[in-house]
Amino acid sequence: TLLLELSGIAKSYGGAAALADLSLAVGAGEYISILGPSGSGKSTMLRVIAGFETPDAGDVRLDGRSILAMPAHERGIGFVFQGFALFPHMSVADNVGFGLRNRSRSPVTDEAEIRRRVAEALELLGLTGLGARAVSQVSGGQKQRVALARTLVADPKIVLLDEPLGALDANLRERMMIELKRIQSQLGGTFLHVTGNEQEALAMGGRVAVLDQGRIAQISPPQTLYNQP
Ligand code: ADP
Ligand code: ADP
């Protein structure tokens, strides 16, 4: 079933088009890699979906409803930021629970519920036992997991990942690719994973959307990505 639909999205900055008539349909439970060179519009596309940016034209529909007029925090969209955006002096558990406690729409006030949900998210990411550790005291790979846990604990309808593996070395990158796939299938979640790395996009297994100058040039499974139409 169709979950997310972008249609005719355009966005320019000072006359230069970052997105031009971009359309994309994402089914529930899909893992989609968005592959494109630097400047092709990947981050802008995610920011438009998340609501950090308003497009000049086009529509974004989630579950059949237009979400363009909805503020970012009401959309039910999870975002994993490029440098993780964690609070280094707070504990792993407090970072993961921060959004639940502090979100403007229906913050969770039941501490027992927060503890349970944080523990669940830590377990999903293999971080059990690290909850009390300060984020500044965990490794790069663990920070990446904390960032994912922080996003997933909110139970988003769709997860947007902006170059999620860009800060990791080659070894860790391989491991996190496997972890991301495991987590997505375990949750039955819908993931949009932006990357400039062709190997990474192909290895993630779902459909690959190739972004070129602000539009989707093609979208296909890895097996047929290089076939002639
Ligand atoms: P990618 O994520 O693929 O590197 P971006 O979406 O960041 O691409 O950028 C697409 C184009 O839009 C680039 O030419 C970039 O310089 C421009 N751009 C993106 N964000 C802004 C902004 N806030 N102000 C001005 N130009 C921007
Ligand atoms: P880029 O992908 O262009 O390098 P970033 O990934 O750092 O940029 O950030 C993407 C966008 O998300 C930025 O335009 C920024 O305004 C927004 N953003 C970053 N961090 C947060 C945050 N914690 N809360 C809300 N918006 C954020």
Point to revise | By average C-beta atoms within 10 angstrom, highest first, the peptides 79-91, 38-50, 184-196 | key: 38-50, 184-196, 79-91
Practice item. Note down the accessible area of Asp110, probe 1.4 Å, to the nearest 10 Å². Key: 80
Practice item. Can you run the Rg to Rh ratio on segment 24-104? Use alpha carbon positions and the Kirkwood inverse-distance Rh. Key: 1.00
**Study point:** Over segment 129-229, relative contact order from alpha-carbon pairs under 8 Å, at least 6 apart, %
**Key:** 20
Point to revise | Two-decimal ratio, the chain, of alpha-carbon radius of gyration to 2.2 N^0.38 Å | key: 1.01
Study note, to complete from the structure: By the C-alpha gyration tensor axes a ≥ b ≥ c (rounded if a/c is under 1.5, else prolate when a/b exceeds b/c, else oblate), the shape of segment 33-169 is oblate
Study note, to complete from the structure: Expected sort for 22-35, 150-163 on mean C-beta neighbours within 10 Å, highest first, is 150-163, 22-35
**Study point:** Cα-based Rg and Dmax for segment 115-229, where Dmax is the largest Cα-Cα distance (Å)
**Key:** 15.6, 53
Practice item. Kyte-Doolittle cut-off 0.0, length cut-off 24 Å along the helix's own axis using Cα: show which whole DSSP H helices in the chain pass. Key: none
Revision key, fill the gap. GNM on the chain, Cα springs under 10 Å; top mean-square fluctuation among Ala134, Ala209, Ala69 goes to Ala69
Study note, to complete from the structure: Averaged per residue, the 1.4 Å probe accessible area of the chain, protein heavy atoms only, in Å², is roughly 47
**Study point:** Signed unit charges on C-beta, dipole axis of segment 46-93, positive-most listed residue His89, Gly58, Leu68
**Key:** His89
Exercise for review: Please work out the Cα center distance from segment 85-163 to segment 14-75, rounded to the nearest Å.
Suggested key: 25
Study note, to complete from the structure: As straight-line cross-link partners of Lys11, the qualifying lysines (C-alpha separation under 16 Å, not fewer than 8 residues apart within one chain) are Lys42
Revision key, fill the gap. For the chain the mean separation of alpha carbon contacts under 8 Å (6+ apart) over residue count, i.e. relative contact order in percent, is 29
Point to revise | Stretch gain in nm, segment Gln223-Arg105, where the contour uses 0.36 nm per residue and the Cα spacing is subtracted | key: 38.2 nm
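The values are calculated or read from the model by the stated rules, or taken from the named source; none is laboratory data. Here the structure is a predicted model, which means the values were calculated and not measured. Counting neighbours? That spans all protein chains shown, and the Cβs are built from the backbone with ideal geometry, glycine included. The area values use the complete protein model at the heavy-atom level, side chains included, leaving out ligands, DNA and RNA. Shrake-Rupley method; radii C 1.70, N 1.55, O 1.52, S 1.80 Å.
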